[in-house]
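One structure is given here, and the rest of the page talks about it.
The values are calculated or read from the model by the stated rules, or taken from the named source; none is laboratory data. Please read these numbers as outputs of a predicted model, since none were measured by experiment. Note that each Cβ is placed from the backbone with ideal geometry, even for glycine, and that neighbours are counted across all protein chains shown.
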Amino acid sequence: MKILVINCGSSSLKYQLINMEDESVLCKGLVERIGIEGSKLTHKINGEKYVVEEEMKDHKKALKLVLDQILDKDHGAIKDLKEISAVGHRVVHGGESFNDSVVVDKKVMAAIKECISLAPLHNPANIMGIEAIEELMPGVKNVAVFDTAFHQTMPKENYLYAIPYEYYEKYSIRRYGFHGTSHNFVSKRAAEILGKTREDLRIVTCHLGNGSSMAAIDHGKVVDTSMGLTPLEGVCMGTRSGDMDPAIIPFLMEKENLTASDINNILNKKSGVLAISGVSSDFRDIEEQQDSNERCKIALTQFANRVRKYIGSYATLMNGVDVIVFTAGVGENSASMRSEILSKLEFLGIKVDEDKNNVRGEETIISTEDSKVVAMVIPTNEELMIARDTERLTK
Ligand code: AMP
């Protein structure tokens, strides 16, 4: 069974064709600048790269060119689109309607459209991707895999904000959480590596990348996660502020004469480690300058402290923690960041083996054998998780 995985952003699109027999990636690629001058498709197969520069005015045109690449007689991966059994789509927001992935039909599309107000930048692009595949590959089953679904097990006391209840009822304002596919994948994998099931364990997953989020997974169920109604809440990130006093918002709006859209832009695009370091949103750049630039050092220490505070608070929610998992760009690659985060958690029984921690992007247990809590690095693979769900629901 071959599954095509599609992840549509507002002006970009990532794809992978996966052979489910051995879960290998047959080909993959990226389309950039959809609807903007200079559209570009980069297709990768067997370590080779093929670039198509052609105007792509919308997602349908982009997907048409993607399918052409997949079918290309020289650098394609299949001969006939019929070889693709189903298509899995990443959908950012499923609101309260979805606690699992789902085969797309008219009702599902209507529910995804209803969530547009909760994710105005993401859901419309995800919808365009599904509609384009419906047109280009009529009859094929589409599966929607939601970033929010895995977090739907949170109890009400953890997902409600302490603001007038009517706003939850009127506008569905509550914590939803994101990166659910990644938290799901790495927590499952952690249990597998330890020869246990998630139901046996209390796990804290740290998805630390350009966007970062944490999740507390208590015996298989997410009980809390750091991102909220939107991906702005939680630990500070590349360009997002994360948690802060909400009163700063009206204060700044008044002082600087800002609109709601201005402040949204500042908190999402001009804050986080970019703002504190004054150098970059990329952790590699900041790590490089940390010895010579005090603000870089502050940005990194602040990030580590905030992640550690979440680990501590999640341990209190679950009456302890058995496993801590690091994943995504920073979590998988930065040994120094992992070391700093775990440094003051000895009281929880965490002991890091610095030799084992000196690893990049590989599944590794980084705690010592006598550590009461297992700390590990697990590279995330959201595309594979989407493909597995798509197979499970369409087989
Ligand atoms: P992601 O959003 O998961 O793609 O992660 C992107 C982030 O990972 C960027 O901020 C990168 O700087 C960071 N990253 C990637 N490799 C490393 C590394 N070797 N050390 C520190 N940060 C890294």
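Any residue that is more than 16 Å from the ligand (Cβ to nearest atom), in contact with a strand residue (DSSP E or B) (Cβ under 7 Å, 6 or more places away or on another chain) and in a loop (DSSP other than H, G, I, E, B) - is there at least one of those in segment 369-390?
There is at least one residue in segment 369-390 that is more than 16 Å from the ligand (Cβ to nearest atom), in contact with a strand residue (DSSP E or B) (Cβ under 7 Å, 6 or more places away or on another chain) and in a loop (DSSP other than H, G, I, E, B).
Taking strands (runs of 3 or more DSSP E) that do not extend beyond segment 17-109, which have at least 3 residues that are exposed (fewer than 13 other Cβ atoms within 10 Å of the Cβ) and either out of contact with any strand residue (DSSP E or B) (no Cβ under 9 Å at 6 or more places or on another chain) or at pLDDT 95 or above (or both)?
Working: elements: 24-32, 40-45, 48-53, 84-91.
Because the criterion is at least 3 residues that are exposed (fewer than 13 other Cβ atoms within 10 Å of the Cβ) and either out of contact with any strand residue (DSSP E or B) (no Cβ under 9 Å at 6 or more places or on another chain) or at pLDDT 95 or above (or both), the strands (runs of 3 or more DSSP E) in segment 17-109 that meet it are 48-53.
Given (1) buried (at least 18 other Cβ atoms within 10 Å of the Cβ); (2) within 13 Å of the ligand (Cβ to nearest atom), identify the lone condition not met by Ser339.
Among (1) buried (at least 18 other Cβ atoms within 10 Å of the Cβ); (2) within 13 Å of the ligand (Cβ to nearest atom), Ser339 violates only (1).
Any residue at all in segment 372-383 that is surrounded by 16 or more Cβ atoms within 10 Å (Cβ to Cβ), small (Gly, Ala, Ser) and over 30 Å from Lys2 (Cβ atoms)? If you could, list the steps in order and put the result at the bottom.
Within segment 372-383, the first condition is being surrounded by 16 or more Cβ atoms within 10 Å (Cβ to Cβ), and the residues that meet it are 373-383.
Subsequent filtering for residues that are small (Gly, Ala, Ser) retains 375.
Filter once more, so that each one left must be over 30 Å from Lys2 (Cβ atoms): 375.
Yes.
For segment 257-269, indicate whether the set of residues that are surrounded by 19 or more Cβ atoms within 10 Å (Cβ to Cβ), β-branched (Val, Ile, Thr) and either part of a strand (DSSP E or B) or more than 16 Å from the ligand (Cβ to nearest atom) (or both) is non-empty. Break it down into steps so the answer makes sense when it comes.
Taking segment 257-269 as the starting set, the residues that turn out to be surrounded by 19 or more Cβ atoms within 10 Å (Cβ to Cβ) are 267.
Checking the rest, the ones that are also β-branched (Val, Ile, Thr) come to none.
The answer is no; no qualifying residue exists.
For segment 288-316, give me each residue that is part of a helix (DSSP H, G or I), surrounded by fewer than 18 Cβ atoms within 10 Å (Cβ to Cβ) and of a type in the set (D, E, K, R).
Selection gives Glu288, Glu294, Arg295, Lys297, Lys309.
Suppose the filter is away from the ligand (no atom under 12 Å from the Cβ), surrounded by 24 or more Cβ atoms within 10 Å (Cβ to Cβ) and within 22 Å of Gly228 (Cα to Cα); does Val325 pass it?
On the way: away from the ligand (no atom under 12 Å from the Cβ): yes; surrounded by 24 or more Cβ atoms within 10 Å (Cβ to Cβ): yes; within 22 Å of Gly228 (Cα to Cα): yes.
The answer is yes for Val325.
Can you name the residue in segment 198-216 that is surrounded by fewer than 24 Cβ atoms within 10 Å (Cβ to Cβ) and not in a loop (DSSP other than H, G, I, E, B) and, of all such residues, is nearest to the ligand (Cβ to nearest atom)?
Looking only at segment 198-216, we keep the residues that are surrounded by fewer than 24 Cβ atoms within 10 Å (Cβ to Cβ), and these are 198-202, 209-211.
Narrowing the set further to residues that are not in a loop (DSSP other than H, G, I, E, B) leaves 198-200, 202.
On the way: Arg198: 23, Glu199: 28, Asp200: 28, Arg202: 24 Å.
This residue is Arg198.
From the list Gly278, Gly238, Gly272, Gly220, which one is within 14 Å of the ligand (Cβ to nearest atom) and surrounded by fewer than 23 Cβ atoms within 10 Å (Cβ to Cβ)? Step through it out loud before you land on a result.
Numbers: Gly278 fails: within 14 Å of the ligand (Cβ to nearest atom); Gly272 fails: surrounded by fewer than 23 Cβ atoms within 10 Å (Cβ to Cβ); Gly220 fails: within 14 Å of the ligand (Cβ to nearest atom).
Just a single option satisfies the conditions, and that option is Gly238.
Which of the residues that make up segment 270-287 are in a helix (DSSP H, G or I) and hydroxyl-bearing (Ser, Thr, Tyr)? Steps first, answer last, please.
Let us first name the residues in segment 270-287 that are in a helix (DSSP H, G or I), namely 272-277, 283-287.
Correct list: Ser277 only.
Taking segment 343-368 on its own, how many of its residues are within 16 Å of the ligand (Cβ to nearest atom) and either surrounded by 22 or more Cβ atoms within 10 Å (Cβ to Cβ) or on the phi > 0 side of the Ramachandran plot (or both)?
Residues meeting the conditions: 2.
Scan segment 281-305 for residues that are acidic (Asp, Glu) and near the ligand (Cβ under 9 Å from one of its atoms) and jot them down. Give the steps one after another, and end with the answer.
Within segment 281-305, the subset acidic (Asp, Glu) is 282, 285, 287-288, 291, 294.
Residues satisfying the conditions are Asp282, Asp285, Glu287.
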